[in-house]
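Since the structure comes first, as structure tokens, the remarks are kept for the end.
The values are calculated or read from the model by the stated rules, or taken from the named source; none is laboratory data. The shown structure was predicted, so the numbers you read here are calculated from the model rather than taken from an experiment. Positions of Cβ are backbone-derived with ideal geometry, glycine not excepted, and every protein chain shown enters the neighbour counts.
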Ligand SMILES: *Cc1c(COP(=O)(O)O)cnc(C)c1O
């Protein structure tokens, strides 16, 4: 085995350290496998219950009326999430679109959104109108209020109680920390928050941004009271095989509103040709639990190794995980560039290119990104990025298999060693 890694240029000290860390993680990894096994059965149960058949793999075109595959897929998603209904479409272009759709479909002028967990994901700032943007909800008379988490990461229950008013129509709860520094929320904590909020205002819509969280735990937010749960198919639930798409699951009346907004009032779920995507969506969902497990192992392995080498990592090597994102504070520009170079060099696609920092639209500093993915921007595939500003954090996620994630991390260490950013 070590011969293979040496062929990739990885030095022996890194291999020795990695073997030691992997040994320490065996119990942790066994728990992740057990969770994947449970989620695999959850998915299989749903597929069998809804009689997924060969005919479901067919493509519809044009209007896409009576698309057996699309309708069955949505029933399967609803079952996996223990929800009443689902909208799972290639016409939902990404996670941001799915979230924007769920919000705009269920809010009307005069309504207010409340985020009780601090600032939402960057792209939602334009959707909501926190930063002025054309077509934002704010332009349509929807207001926004926010309650931050307390300094220790707990919910500000008093603040939330005060913020809920007669206009409050929808609560937006983001499960993953995204690129913020707050902790990711466990499904149990989301459940507590929803119970508290429903105790104050029972008819408010509790919507969860579930990006990067799917299949990390046995339960999903819809199991603990979420009315809507939203995510991207080029993250966990697409299993690396969905080339595009988003999903919305939850209460039938709210999902129906989303369908009318996505297509048209009167048409709703009845149209939307699947154009040959059904097979990818089914097979991706089938693989999603094991793919997510691989990504999770990679994140923990990276945390352990970099922590051991003296870097600060969030979450740390021993914390429970509720999403697949790993942040490492690399401390120097050279370190950040070397890390990304290593991830890129381990990729199945575009391994021969060198990532370079660039002025990306919408960012205040240069950003470097490493991604050698089968699908553009797919972040369930091994990828890393970070802004070129102190303290030089890299955000690292994905890996379609644990073995690939491991190679990526070892290559990142090798590049760091070559650049003199770590001493072994
Ligand atoms: C990725 C992500 C989004 C947005 O998804 P895109 O597919 O990139 O538009 C929203 N929220 C969170 C927490 C995410 O991780």
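Working only within segment 374-391, note down all residues that are more than 12 Å from the ligand (Cβ to nearest atom) and either assigned to a loop (DSSP other than H, G, I, E, B) or free of Cβ contacts under 8 Å to residues at least 24 places away in the same chain (or both).
Hits for segment 374-391 are 374, 381, 382, 388, 389, 390, 391.
Among the candidates 107, 114, 137, which residue alone is over 26 Å from residue 265 (Cα atoms) and more than 15 Å from the ligand (Cβ to nearest atom)?
114
Can you name the residue in segment 104-119 that is in a loop (DSSP other than H, G, I, E, B) and at pLDDT 95 or above and, of all such residues, is surrounded by the most Cβ atoms within 10 Å (Cβ to Cβ)?
Filtering first and then ranking leaves 117.
Quick one: in segment 148-178, of everything that is in a loop (DSSP other than H, G, I, E, B) and without any contact (Cβ under 8 Å) to a residue 12 or more places away in the chain, which residue is farthest from the ligand (Cβ to nearest atom)?
This residue is 166.
State the number of residues belonging to segment 119-138 that are out of contact with any helix residue (DSSP H, G or I) (no Cβ under 7 Å at 6 or more places or on another chain) and within 16 Å of residue 261 (Cβ to Cβ).
1
Within segment 362-380, which residues are modelled with pLDDT of 90 or more and over 18 Å from residue 336 (Cα atoms)?
Within segment 362-380, 373, 374, 375, 376, 377, 378, 379, 380 qualify.
Look at segment 194-217 and say how many of its residues are crowded, with 23+ Cβ neighbours inside 10 Å and either modelled with pLDDT under 95 or more than 15 Å from the ligand (Cβ to nearest atom) (or both).
Matching residues across segment 194-217 total 3.
Would you pick out the residues in segment 1-53 that are at pLDDT 95 or above and not in a helix (DSSP H, G or I)?
Those that are at pLDDT 95 or above and not in a helix (DSSP H, G or I): 8, 9, 10, 11, 25, 50, 51, 52, 53.
Identify the single condition in (1) over 22 Å from the mean Cα position of the chain (by Cα); (2) buried (at least 23 other Cβ atoms within 10 Å of the Cβ) that residue 275 does not satisfy, given that it satisfies every other one.
For residue 275, the exception is condition (2).
Return the pairs, sorted by first residue and then second, in which the second residue is part of a helix (DSSP H, G or I), the first residue lies in segment 1-13 and is more than 12 Å from residue 411 (Cβ to Cβ), the beta carbons are less than 7 Å apart, and the residues are 6+ apart or on different chains.
2/15
Kindly establish whether residue 230 is under 24 Å from residue 65 (Cβ atoms), at pLDDT 95 or above, outside any helix (DSSP H, G or I) and within 21 Å of the chain's Cα centre (by Cα).
So residue 230 fails the test.
Which residues, taken from segment 54-77, are surrounded by 12 or more Cβ atoms within 10 Å (Cβ to Cβ) and assigned to a loop (DSSP other than H, G, I, E, B)?
Within segment 54-77, 58, 59, 60, 63, 64, 67 qualify.
Check residue 81 against each of (1) within 16 Å of the ligand (Cβ to nearest atom); (2) under 30 Å from residue 181 (Cβ atoms); (3) in contact with a helix residue (DSSP H, G or I) (Cβ under 6 Å, 6 or more places away or on another chain) and name the one condition it does not meet.
(1)
Rundown of residues vs (1) more than 15 Å from the ligand (Cβ to nearest atom); (2) within 30 Å of residue 158 (Cα to Cα), yes/no style:
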| site | (1), (2) |
| --- | --- |
| 221 | no, yes |
| 224 | yes, yes |
| 269 | yes, no |
| 275 | yes, no |
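With the condition kept exactly as written, say whether any residue in segment 244-267 is surrounded by fewer than 24 Cβ atoms within 10 Å (Cβ to Cβ), at positive phi and away from the ligand (no atom under 16 Å from the Cβ).
Yes, segment 244-267 contains at least one residue that is surrounded by fewer than 24 Cβ atoms within 10 Å (Cβ to Cβ), at positive phi and away from the ligand (no atom under 16 Å from the Cβ).
I'd like the full set of residues that are within 16 Å of the ligand (Cβ to nearest atom) and not in a loop (DSSP other than H, G, I, E, B), limited to segment 179-192. Outline the logic, then answer.
In the first step, residues of segment 179-192 are kept if they are within 16 Å of the ligand (Cβ to nearest atom); the result is 179-187, 189-190.
Within segment 179-192, 187, 189, 190 meet the criteria.
With respect to residue 296, determine if the residue is over 22 Å from residue 397 (Cβ atoms), within 16 Å of the ligand (Cβ to nearest atom) and modelled with pLDDT of 95 or more.
no
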